[in-house]
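Peer 1: Once you've had a glance at the structure underneath, I'll fire off some questions.
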Amino acid sequence: MIVRMAKIMVMGPLELLMETLALIHQLGIMQVDAEMTSGPEENTGPSFPRLPDRERVLQHQLYEKLKGNIDQLLCCLPSPEYVPPNQIPPVSIETLVSILPSHLDKAGKRQKEMDGLVEQIAEYETYREFIDALGDLRMSAKQNDIQCIGVRLGRDEDIAGLRDFLEDEYHGRAALETVPAAPDKAPVGVIVVESEDAGNVRKTLTRQGRILFTPPNGLEKLDFSGQRERVAAVIREKKALLAHLRQEQESFARQWYHAYLRTRDWIDSRLSLISLTAAVVRTRMCFFIYGWLPAADVHVLEEKLQEKFQGRVVAEESELAEQDFSRIPTALHNPAYFEPFELFTRLLPMPPYASFDLTPFIGIFFPVFFGMMLGDIGYGLILLAVSVWLVRRYAEKKNLRDAGKILFISSLYTIVFGLLYGELLGTVGHTYFGLKPLFFDRQASIVPMIFFAVAAGVVHVIIGLVLGVMVSLRRKMKKEAVFKLVNIVIILCVCILAVSYFTRSMAQVQKPLLLTIAVAAPALLLVGGVMAPLELLKNVGNIISYVRIMAVGLTSVLLAFVANYMAGRIGSIWAGMIVAVLLHVFNILLGVFAPTIHSLRLHYVEFLSKFMEPGGKEFRPLGKK
């Protein structure tokens, strides 16, 4: 349901403005409206433009700079495990402002050093991969006038192409040998080349974009055996230093991370309050804050203001004027049964304040339509178990929890309609348990099911039109209200007239109904114009659209019948059971998605269009996320 809102004005001396905004922020029940241009009552003096004063601007600049420095520091620190607030030493913002530069400098240098070590370790690890791949190969450039150049190889075609290139360019003075690398990496190539050609080979391979294994600084003059030992030693040293720096950074983070995080949150709230001062009407002595809050919370705000300011700051509720209705924010609050169905309402734009909340209507009709379509005791019991698991498994995730609750309610209606149709896993209930329909057999009674679905459509559409009449009257659009009322009269007359042709006892009402339609038709044209008949046909078409309830339900029945029929016609018992289970599982999945989509379509298109108009503004109280 849409919460009744109150227009409120909070006023007090100018020096208490920030404290008052902080209290409103803490309560989280009031939305400040910057669009309210109505000034304070007369004799309060002239109002000034709604611009933050110089002091607020300077505060804003200081807090923005401090927030940026804290963000920079937090980026350098690892996020430690959560520390309860009572274990975080209280630190004043003045203290943090004074120590933040030194903390940022130390943490930044430490992080920069760690990043450098990571890059250096990666460089040495890459070169060690090349050295390890060479195995027992031992060569010395000085003794044999030969050098080895390591290169990362690709596919077999790439290896063959490189071999041909070396043969064509160097005529046997350079040869490519391949050495297997780690299983998840490409092989390593070793080009054995004479020293005088080594520089040219390296330049050519670099121009071709190949990855070369180059020794880090200080290793060029060592042979392969010496390089292996030196690389291993350097990697150990750098990893030990990196671990030490990380330990220091983590120790620093455990001590200061949450303190700075809490300070950042405080700065965020302070910045929002400073920005909000532009929405406050100020005089030389006083301030006036205009906004909205639920009518039930007016006394809460008044009590908190009295408790904190002892009458120096007061709240006053104002009467709603006609021009206010386009500005009033909309808040939804529903009983526990209907609250999960807000999951579907949130998919739509927020309704205007003078309209209706769709949630209770979805909460009533959605599970009914769902049960009418699926209507099977066995499927209902399975979905009931799934819904209980969803609610328990995802108790902390609102959307999934709400989806589980909706499925729980819908599965109960599925069981109820399963009893009415006499269905349990299709024909299993009738075949093995003697289950008989209490209402009618859907598979054999298609025409009655069509009438049943259309009757549900008549009720649903008529309720939507009645709500449309009420919305039009609220908005003082009497002509539109009469037009929708005439639509209701004609639709009801046509429906009763159609029933009378199938029921002899109702034959006497046919003439009065025809007379009523004849009188209502000109009235429809008078209040609705030349497009009125098309609107009436549209409403009738919306009612006929509810036949989809029968169609989707019949699909589910036939698929369950096919599953059971095939299970009995396959020679193997186990194969038959597997086929039946697979088809029933598919039918359940289809039976969840198809009824959900079609039920929502009936609400969003056929029902909602009769009374809902977009343009609502969501209620966003200050301080509430």
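Peer 1: May I ask you to list the residues in region 432-442 that are surrounded by fewer than 18 Cβ atoms within 10 Å (Cβ to Cβ) and either in contact (Cβ under 8 Å) with a residue 60 or more places away in the chain or among the basic types (Lys, Arg) (or both)?
Peer 2: Answer for region 432-442, where residues must be surrounded by fewer than 18 Cβ atoms within 10 Å (Cβ to Cβ) and either in contact (Cβ under 8 Å) with a residue 60 or more places away in the chain or among the basic types (Lys, Arg) (or both): just Lys436.
Peer 1: Looking at region 258-291 only, could you name the residues that are more than 32 Å from the chain's Cα centre (by Cα) and either outside any strand (DSSP E or B) or among the charged types (D, E, K, R) (or both)?
Peer 2: Val280, Arg282, Thr283, Arg284, Met285
Peer 1: Please verify whether region 138-153 includes one or more residues that are assigned to a helix (DSSP H, G or I), at pLDDT 70 or above, among the aliphatic types (A, V, I, L, M) and within 50 Å of the chain's Cα centre (by Cα). Write out each step before concluding.
Peer 2: Residues of region 138-153 assigned to a helix (DSSP H, G or I): 141-144.
In the following step, the residues that additionally are at pLDDT 70 or above were identified as none.
Checked region 138-153: no residue is assigned to a helix (DSSP H, G or I), at pLDDT 70 or above, among the aliphatic types (A, V, I, L, M) and within 50 Å of the chain's Cα centre (by Cα).
Peer 1: Pull up region 589-625, narrow it to residues that are among the β-branched types (Val, Ile, Thr) and at pLDDT below 90, then point me to the one that is surrounded by the most Cβ atoms within 10 Å (Cβ to Cβ). Walk me through how you get there before you give the answer.
Peer 2: Filtering region 589-625 down to residues among the β-branched types (Val, Ile, Thr) leaves 592, 596-597, 605.
So of that shortlist, the ones also at pLDDT below 90 come out as 592, 605.
On the way: Val592: 19, Val605: 11.
That would be Val592.
Peer 1: Answer with yes or no whether Leu343 is touching an Asp or Glu at 6+ places or on another chain (Cβ under 8 Å), assigned by TED's automatic domain parsing to the domain that holds Leu420 and not in a loop (DSSP other than H, G, I, E, B).
Peer 2: Values: touching an Asp or Glu at 6+ places or on another chain (Cβ under 8 Å): yes; assigned by TED's automatic domain parsing to the domain that holds Leu420: yes; not in a loop (DSSP other than H, G, I, E, B): yes.
Judged against the criteria, Leu343 is a match.
Peer 1: Provide a single number: the residues in region 467-511 that are in contact (Cβ under 8 Å) with a residue 24 or more places away in the chain and of a type in the set (Gly, Ala, Ser).
Peer 2: 1
Peer 1: Select from region 260-278 the residues that are surrounded by 13 or more Cβ atoms within 10 Å (Cβ to Cβ) and of a type outside the set (A, V, I, L, M, F, W, C) and list them in ascending order.
Peer 2: Tyr260, Arg262, Thr263, Arg264, Ser269, Arg270, Ser272, Thr277
Peer 1: Of the numbered conditions (1) among the hydrophobic types (A, V, I, L, M, F, W, C); (2) farther than 17 Å from Thr20 by Cβ; (3) touching a residue at least 60 places away in the same chain (Cβ under 8 Å), Ala233 satisfies every one except a single condition; which is it?
Peer 2: Ala233 satisfies all of (1) among the hydrophobic types (A, V, I, L, M, F, W, C); (2) farther than 17 Å from Thr20 by Cβ; (3) touching a residue at least 60 places away in the same chain (Cβ under 8 Å) except (3).
Peer 1: Looking only at residues in region 463-486 that are part of a helix (DSSP H, G or I) and out of contact with any helix residue (DSSP H, G or I) (no Cβ under 6 Å at 6 or more places or on another chain), which one is modelled with the lowest pLDDT?
Peer 2: Residues of region 463-486 that are part of a helix (DSSP H, G or I), as a first pass: 463-474, 478-486.
Add one more test, that the residue is out of contact with any helix residue (DSSP H, G or I) (no Cβ under 6 Å at 6 or more places or on another chain), and what stays is 463, 466-467, 470-471, 474, 478.
Values: Ile463: 92, Val466: 91, Leu467: 89, Met470: 87, Val471: 83, Arg474: 78, Lys478: 85.
This residue is Arg474.
Peer 1: Only residues that are polar (S, T, N, Q) and either outside any helix (DSSP H, G or I) or within 37 Å of the chain's Cα centre (by Cα) (or both): list them for region 396-438, please.
Peer 2: So the first thing to find is which residues in region 396-438 are polar (S, T, N, Q), and the list is 399, 410-411, 414, 427, 431.
The answer is Asn399, Ser410, Ser411, Thr414, Thr427.
Peer 1: Which one of these is free of Cβ contacts under 8 Å to residues at least 40 places away in the same chain and within 15 Å of Thr20 (Cβ to Cβ): Glu307, Glu316? Explain how you work it out, then say what you get.
Peer 2: Details: Glu316 fails: free of Cβ contacts under 8 Å to residues at least 40 places away in the same chain.
None of the other options fit; the residue is Glu307.
Peer 1: Another question about this same structure. Test Val447 against the stated conditions and say whether it is assigned by TED's automatic domain parsing to the domain that holds His584 and out of contact with any Leu (no Cβ under 7 Å at 6 or more places or on another chain). If you could, list the steps in order and put the result at the bottom.
Peer 2: On the way: assigned by TED's automatic domain parsing to the domain that holds His584: yes; out of contact with any Leu (no Cβ under 7 Å at 6 or more places or on another chain): yes.
Yes.
Peer 1: Follow-up. With (1) surrounded by 19 or more Cβ atoms within 10 Å (Cβ to Cβ); (2) among the hydroxyl-bearing types (Ser, Thr, Tyr); (3) in contact with a Lys or Arg (Cβ under 8 Å, 6 or more places away or on another chain) as the list, and Ser318 as the residue in question, which single condition is left unmet?
Peer 2: Exception for Ser318: condition (1).
Peer 1: In region 436-461, what residues are touching a Ser or Thr at 6+ places or on another chain (Cβ under 9 Å) and farther than 30 Å from Val540 by Cα?
Peer 2: Across region 436-461, the qualifying residue is only Pro437.
Peer 1: State all residues of region 331-352 that are in contact with a Pro (Cβ under 7 Å, 6 or more places away or on another chain) and crowded, with 21+ Cβ neighbours inside 10 Å; if no residue qualifies, say none. Quick ask: steps written out before the conclusion?
Peer 2: Filtering region 331-352 down to residues in contact with a Pro (Cβ under 7 Å, 6 or more places away or on another chain) leaves 331, 334, 338, 349.
Correct list: Ala331 only.
Peer 1: Further question: Looking at region 495-516, can you tell me whether even one residue there is under 17 Å from Val469 (Cβ atoms) and assigned by TED's automatic domain parsing to the domain that holds Phe417?
Peer 2: The initial filter retains those residues of region 495-516 that are under 17 Å from Val469 (Cβ atoms), namely none.
No, that holds for no residue.
Peer 1: Hey, another quick one. Could you list, ordered by first residue, the pairs with Cβ atoms under 7 Å in which the first is in region 266-287 and in contact (Cβ under 8 Å) with a residue 24 or more places away in the chain and within 23 Å of Arg312 (Cα to Cα) and the second is polar (S, T, N, Q) and part of a helix (DSSP H, G or I), at least 6 apart or interchain?
Peer 2: Short answer, once both residue conditions are applied: Ile274/Gln59.
Peer 1: May I pose another question? Filter region 549-575 down to the residues that are surrounded by fewer than 19 Cβ atoms within 10 Å (Cβ to Cβ), touching a residue at least 24 places away in the same chain (Cβ under 8 Å) and within 33 Å of the chain's Cα centre (by Cα) and list them by number.
Peer 2: Within region 549-575, just Thr555 meets the criteria.
Peer 1: Here's something else I'd like to know. Hey, can you tell me all the residues within region 414-430 that are free of Cβ contacts under 8 Å to residues at least 40 places away in the same chain and surrounded by fewer than 18 Cβ atoms within 10 Å (Cβ to Cβ)?
Peer 2: His430
Peer 1: Could you list all residues from region 339-355 that are under 13 Å from Pro614 (Cα atoms) and more than 16 Å from the chain's Cα centre (by Cα)?
Peer 2: Met350, Pro351, Pro352, Tyr353, Ala354, Ser355
Peer 1: In this structure, is Phe451 out of contact with any Pro (no Cβ under 7 Å at 6 or more places or on another chain), surrounded by fewer than 19 Cβ atoms within 10 Å (Cβ to Cβ) and in a loop (DSSP other than H, G, I, E, B)?
Peer 2: On the way: out of contact with any Pro (no Cβ under 7 Å at 6 or more places or on another chain): yes; surrounded by fewer than 19 Cβ atoms within 10 Å (Cβ to Cβ): yes; in a loop (DSSP other than H, G, I, E, B): no.
Judged against the criteria, Phe451 is not a match.
Peer 1: Can I ask one more? Regarding region 461-472, can at least one residue be identified that is among the polar types (S, T, N, Q) and in contact with an Asp or Glu (Cβ under 8 Å, 6 or more places away or on another chain)? I'd like the intermediate steps shown before the answer.
Peer 2: Keep residues of region 461-472 that are among the polar types (S, T, N, Q), which gives 472.
Narrowing the set further to residues that are in contact with an Asp or Glu (Cβ under 8 Å, 6 or more places away or on another chain) leaves 472.
Checked against the condition, which is being among the polar types (S, T, N, Q) and in contact with an Asp or Glu (Cβ under 8 Å, 6 or more places away or on another chain), region 461-472 yields at least one hit.
The values are calculated or read from the model by the stated rules, or taken from the named source; none is laboratory data. Please read these numbers as outputs of a predicted model, since none were measured by experiment. So basically every Cβ, Gly included, is an ideal-geometry build from the backbone, and we count neighbours across all protein chains shown.
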